[in-house]
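Engineer: Here it is, the structure in full.
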Amino acid sequence: MSDLYREIRKNRILLEQRKPWKEETVRQLLEWETGNFIYSCMYLDGKNLSREAVQAIVSGELVRKASFADYATAQGLEAAADYLRKLAADIETPFERVLVSKTAFDKLPTEAELCLLWCFLEGKSEAEARTVWDAKSHYRKLSPVVHALSHVPCHFSEIPGKMAELYAWLRDACAGRVDGSAEEGRGLGEKQRLAFDAYGTEAVVNPVALAAEFHNRLLALWPFESHNEDLAKLVAESVLLAFGLPLIPWSMTEQEYYDAGRAYLASVEAEQYGDDGFAAGSGCLRSMLETLIHRCQTVWLGATEH
């Protein structure tokens, strides 16, 4: 456990102790969080908009330099972030979900809900998302080379099975059985138990490490027709939110982001795994996420001090 993660845990407890927070303070902080998250995603995608312009879009203002595509991207990311917050708080009946449980695993998006998030990014409605999910038309129909990662993902015909394996791994991880590799059935054991509860108060496995690993496994799979990077970021955010951590901005350069992805892929290929059962290369992203979480917590602590 890093010193920074120890600080994150302490800050989370301190923030819980300060509740209830003022409604206006919470509204402003959530708007700030969402704006920074959207800006960082658009920046990594090469969008040439300032942080202030993106914040204005999120606030519903007219930004003359922003294109229709910019508004559509921002609105899709905002809808996806809002949905993940609702999942974490058990608000409303989620898409294609029969039961809403109180464990952190059940606060993570299902495979069907990943389809819904993809549809948000595509500008589609929830009704359209159900049609897309039934047809599985959000999954890619080609086998591309992902040049940014120097990576060739699996053949598109394997995606449904690989997604099932991904969620089997996630369920095992959340039950304390951590798969030590990307291969099905290898390394399952009880030595790393995730003690999830309604607020994710304690976990032997660092939830930031789980967020990084989930992100990297989905990114390596590259299952969707589009928006693979953004959806990988969103599943990482879903883990953080499930543990009562903030929605974070991905404040890093494109080089840093893809270097972290390549480090993960290299460690999987070399079968290098840590004591927590996660790929050693996921440590690159985990370290960056810990720094970003701590920065966000510092802002929340300052805003809720009085």
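The values are calculated or read from the model by the stated rules, or taken from the named source; none is laboratory data. Quantities reported herein were computed from a predicted structural model and do not represent experimental measurements. Cβ sites come from the backbone with ideal geometry, for glycine too, and all protein chains shown count toward neighbours. Accessible surface areas use protein heavy atoms only, side chains included; no ligands, DNA or RNA. Shrake-Rupley method; radii C 1.70, N 1.55, O 1.52, S 1.80 Å.
Engineer: What distance in nm separates the two pseudo spin-label positions at VAL26 and ALA127, each 7 Å out from Cα along the beta-carbon direction?
Structural biologist: So the label points at VAL26 and ALA127 sit 3.2 nm apart.
Engineer: Same structure again: Counting only Cα, what are the radius of gyration and maximum Cα-Cα distance Dmax of the range 251-306, in Å?
Structural biologist: Cα-based Rg and Dmax for the range 251-306 come out at 14.9, 51 Å.
Engineer: What is the Å³ per residue value for the convex hull set by the Cα atoms of the range 105-148? List each step's numbers first, then the result.
Structural biologist: Numbers: hull volume 5.0 nm³, N = 44.
Taking only Cα atoms, the range 105-148 has a hull volume of 113 Å³ per residue.
Engineer: Could you pull out the pairs from LYS65/LYS86; LYS141/LYS233; LYS47/LYS233; LYS86/LYS107 whose alpha carbons sit more than 20 Å apart here? Display every interim value, and only then the final one.
Structural biologist: Values: LYS65/LYS86 31 Å; LYS141/LYS233 22 Å; LYS47/LYS233 17 Å; LYS86/LYS107 9 Å.
Check vs 20 Å cut-off fails for LYS65/LYS86; LYS141/LYS233.
Engineer: Right, another one. Which residues make up the longest stretch of the chain clear of trypsin sites (Lys or Arg not before Pro) that lie in a DSSP loop with no more than 10 other Cβ atoms within 10 Å, not counting the sites?
Structural biologist: Values: sites that count: ARG64, LYS65, LYS141.
No qualifying site falls inside 142-306, the longest such stretch.
Engineer: Here's a follow-up. Can you compute the charge dipole magnitude of the range 1-151 about its Cα centre, using +1 on each Lys and Arg Cβ and -1 on each Asp and Glu Cβ, nothing else charged? Give it in debye, rounded to the nearest 20. Intermediate results must be reported in sequence, preceding the final value.
Structural biologist: Values: 22 positive and 23 negative charges, 77 e Å.
So the magnitude is around 360 debye.
Engineer: Take SER2 and GLU61, extend 7 Å from each Cα along the Cα→Cβ direction, and tell me the distance between the two endpoints in nm.
Structural biologist: Taking the simple label geometry, SER2 and GLU61 are separated by 3.4 nm.
Engineer: Based on the alpha-carbon set only, what is the convex hull volume of the range 44-91 divided per residue, in Å³? Write down the numbers at each step before the final one.
Structural biologist: Values: hull volume 4.2 nm³, N = 48.
Residue-normalised Cα hull volume stands at 88 Å³.
Engineer: Ok, one more. Of all alpha-carbon pairs in the chain, indicate the percentage at a distance above 31 angstrom.
Structural biologist: Numbers: 12088 of 46665 pairs.
The answer is 26 percent, as a whole percent.
Engineer: Moving on. Give the accessible area for ASP82 in Å² (nearest 10); use a 1.4 Å probe, count only protein heavy atoms, and leave out ligands, DNA and RNA.
Structural biologist: The value for ASP82 is about 70 Å².
Engineer: Oh, and also: If each DSSP helix of 4+ residues adds -39,500 (n - 2.57) and the sum is divided by the residues in the chain, what number results at 222 nm, nearest 500 deg cm²/dmol? Walk me through the numbers before you get to the answer.
Structural biologist: Working: 11 runs with 173 residues, N = 306.
Roughly -18500 deg cm²/dmol at 222 nm, from the helical runs in the chain.
Engineer: Moving to a separate point now. Compute the distance in nm between two label points, each set 7 Å from the Cα along the Cα-to-Cβ direction, one at SER143 and one at ARG295.
Structural biologist: Output for this residue pair reads 4.0 nm.
Engineer: Evaluated at 25 °C with a viscosity of 0.890 mPa s, what Stokes-Einstein diffusion coefficient in µm²/s does the range 204-306 have when Rh comes from the Kirkwood expression over alpha-carbon pairs?
Structural biologist: Numbers: Rh = 14.1 Å.
Approximately 173 µm²/s, per Stokes-Einstein.
Engineer: Could you calculate the FRET efficiency of ASN48 with THR103 from 1/(1 + (r/R0)^6), where r is the beta carbon distance between them and R0 is 41 Å, rounded to 0.05?
Structural biologist: Numbers: r = 42 Å, r/R0 = 1.02.
It comes out at approximately 0.45.
Engineer: Okay, moving on. For the range 1-102, just run the numbers: alpha carbon Rg, then divide by 2.2 N^0.38 Å, N being how many residues it has.
Structural biologist: Details: Rg = 16.7 Å, N = 102, 2.2 N^0.38 = 12.8 Å.
Here the answer is 1.31, to two decimals.
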